[in-house]
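The values are calculated or read from the model by the stated rules, or taken from the named source; none is laboratory data. None of the values given here were measured: they were computed from a predicted structure. Positions of Cβ are backbone-derived with ideal geometry, glycine not excepted, and every protein chain shown enters the neighbour counts. When the accessible area is computed, the model is the full protein with side chains, heavy atoms only, and any ligands, DNA or RNA have been set aside. Shrake-Rupley method; radii C 1.70, N 1.55, O 1.52, S 1.80 Å.
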Amino acid sequence: MKKLMVFIGVTLVLFSLSMMLVNPASADRDRPHRPTRTPNSTQTPQSEETRRPTRTPTGQAGSTPARTPTPGSVSATPDPNNPHAGIQSYDGPQTCIACHSAEAESALHSEHMQWAGKWKQVNTYCTAPEPADFACRTCHASTGKVTNLTVNDVDCLICHSDTYQRALGPQTNNVTIVDWQGTSKVYHFPVKVNGDYQMQPRFDLMPAGTTMVDLARNVHLPTVATCLRCHAKAGGADGGKRGDIFMALKDPALSPNVDVHISPSGANLTCQDCHVPKDHQIPGQGIDLRISEGGTVTCTQCHEAKPHGETGIDQHTDRVACQTCHIPTYGKVTGTEMSRDWTKPMWSTAACNGQGAWVGQDVWQTNVIPTYTFWNGQSQVYDLAQSISADPDGSYTMSRALGSINDGKLYPIKVHTSNQPRENSTGRMVAYDVLWNFLTGKFEEAAQRGVDFMGLPGGYTWVNTRAEQLITHGVEPKENALECAACHSSRTQMDLRTLGYVLKGPQSQVCSQCHEQESNPGFNPIHNKHVESENIDCSMCHAFTRPERGLTIGITR
């Protein structure tokens, strides 16, 4: 009898345990949704640099073995093929670190976490992140901190769950300001928790019933939507900063004419198909990027160096980047910001997460023909710790492509202009207090507050600034590539003369090196005769050479 009772007791215990294992999420669902130490959110005012609209998450398979949650939803039922299905509680990054400590360590040292090229710097869009403090942290891949980071500050979910939504909070710091028009307004700011700002989950922006455990169980590799949630909104608005990156790139109906690589009807690639990550370092290089990690991204990762099968076209690939012919315009779909003027405050009801803000007057354009420049892969990007000098035209270039017609390739670029304060005594750009500008529209006060923030003694002067930015996304189908006449017979797309394709002296002097003055039948006949037929190097007529073509340098007649 005693043995029977023991058997029944053990059976009941095992049955109870098995029921708990069948649905381990039930206990979590019965608890209130209180944030633990995690990346998460409440609504918070953010600067134009980082604000982004509410998205419809697009969940996608990722971990191996893979599973595919329904887009915009998560499942509370464990999947036996999902290695994360057994997670029964979520304690912020520590939950991930328990199994992925090496990954957390590599993420910690990535530029997405360190912001070495961003936090203490300045740009021509929303200027300086550091004085704006909490208003510029939305896209940082941490749980809220920017400095003194540890692995426990890595917010894994921001890149591994498209369903996850967050914001700094709690948003209980109510601040009353008086703007430049004399109007009083109350703004709701986040407060620090345990000495720093913290992200909190925005369950109101996620599917009903979502828990942090659900999110942890359904993590996936980054999707196009994952990257766009931050990169598309840089500069304060969709497509505003880059001109070739915007939220529409995640649209399943995206036309290949917008981006043949990302379009599901084209190559249907993800960002990391080209930007192949290693140890959380994301390779890539831009003219205005201070930090590049993990190497560069090149077309030859997938394509041949001379892929056209036509000698005349393939000769261009040594000196003309693929993007030059295959991205005829940028600023597609949404348009892009071309200039910003802080001294002309404009009210935006959408800014600061719908609380409204005074933004600088900006000028937008759509389907913009790029500016073209020779770039050798190196850049000169302004460092806020240094002084800056004016260009011959009086403007101050914050990022510049280095290279010439002799050592660079021809690339399409965007040129963004702005006006910004420059401190008089040191010649340094000012870490403009963009948050104060947003709240009050008092641009002179925002400039002086920036000077004070930097601890500098002098006054400031407003100067015109410019930034060169690489255009490298938005490749179109090969049928849309520029025809030869677009560059060689017209000056609408590009003016080759401004790029250095001119005679090195008066025509009479150049021609008399070899023969007497003759009639000019036009560029194509002269070029074909001297280069194609007589194999004469470019340097005989121009101030550049093309040694890779094996032409003859000097007079051989």
Notebook entry, point to check: Would a scan of segment 269-276 turn up a residue that is surrounded by 14 or more Cβ atoms within 10 Å (Cβ to Cβ), over 25 Å from Gln114 (Cβ atoms) and of a type outside the set (Ser, Thr, Tyr)?
Noted result: yes
Margin query: Please go through (1) modelled with pLDDT of 95 or more; (2) open to solvent by 10 Å² or more (accessible area, probe 1.4 Å); (3) assigned to a loop (DSSP other than H, G, I, E, B) for Thr127 and return the number of the only condition it doesn't satisfy.
Written below: (2)
Check: Residues of segment 168-224 being surrounded by fewer than 21 Cβ atoms within 10 Å (Cβ to Cβ) and acidic (Asp, Glu), which ones?
Finding: Asp179, Asp196, Asp204
Note to self: Quick check on segment 333-355. Is at least one of its residues hydrophobic (A, V, I, L, M, F, W, C) and within 25 Å of Met454 (Cα to Cα)?
What the structure shows: yes
Check: Which of the residues that make up segment 422-466 are modelled with pLDDT of 95 or more, more than 19 Å from Gly235 (Cβ to Cβ) and touching a Ser or Thr at 6+ places or on another chain (Cβ under 7 Å)?
Finding: Arg422, Asn424, Thr426, Gly427, Arg428, Leu456, Trp462
Next item on the list: Filter segment 334-349 for residues that are buried (at least 19 other Cβ atoms within 10 Å of the Cβ) and of a type outside the set (S, T, N, Q) and give the result.
Entry: Gly335, Glu337, Arg340, Trp342, Pro345
Note to self: Can you tell me which of (1) touching a Leu at 6+ places or on another chain (Cβ under 6 Å); (2) open to solvent by less than 40 Å² (accessible area, probe 1.4 Å) is the one Ala248 doesn't meet?
What the structure shows: (1)
Notebook entry, point to check: Which pairs do you get when a residue that is within 14 Å of Met429 (Cβ to Cβ), found in segment 441-452, comes within reach of a residue that is open to solvent by less than 80 Å² (accessible area, probe 1.4 Å) and among the charged types (D, E, K, R), reach meaning Cβ atoms under 8 angstrom, with the pair 6+ apart or on two chains?
Noted result: Ala446/Asp433; Ala447/Asp433; Gly450/Asp433; Val451/Glu423
Checklist line | Those strands (runs of 3 or more DSSP E) lying entirely in segment 374-436 with at least 1 residues free of Cβ contacts under 8 Å to residues at least 60 places away in the same chain and over 26 Å from Gly500 (Cβ atoms) | finding: 409-423
Note to self: Cβ contacts < 8 Å: first residue over 16 Å from Thr329 (Cα atoms) and touching a residue at least 40 places away in the same chain (Cβ under 8 Å), restricted to segment 237-257; second residue among the aromatic types (Phe, Trp, Tyr) and in a loop (DSSP other than H, G, I, E, B), any location; separation 6+ or different chain. Result?
What the structure shows: Asp238/Phe246
Margin query: Any residue at all in segment 266-289 that's under 15 Å from Lys478 (Cβ atoms), of a type outside the set (Lys, Arg) and assigned to a loop (DSSP other than H, G, I, E, B)?
Written below: yes
Next item on the list: Out of the residues in segment 496-534 that are small (Gly, Ala, Ser) and part of a loop (DSSP other than H, G, I, E, B), state the one that is surrounded by the fewest Cβ atoms within 10 Å (Cβ to Cβ).
Entry: Ser519
Margin query: Which residue is least open to solvent (accessible area, probe 1.4 Å), if the candidates are limited to segment 350-403 and must be acidic (Asp, Glu) and touching a strand residue (DSSP E or B) at 6+ places or on another chain (Cβ under 8 Å)?
Written below: Asp391
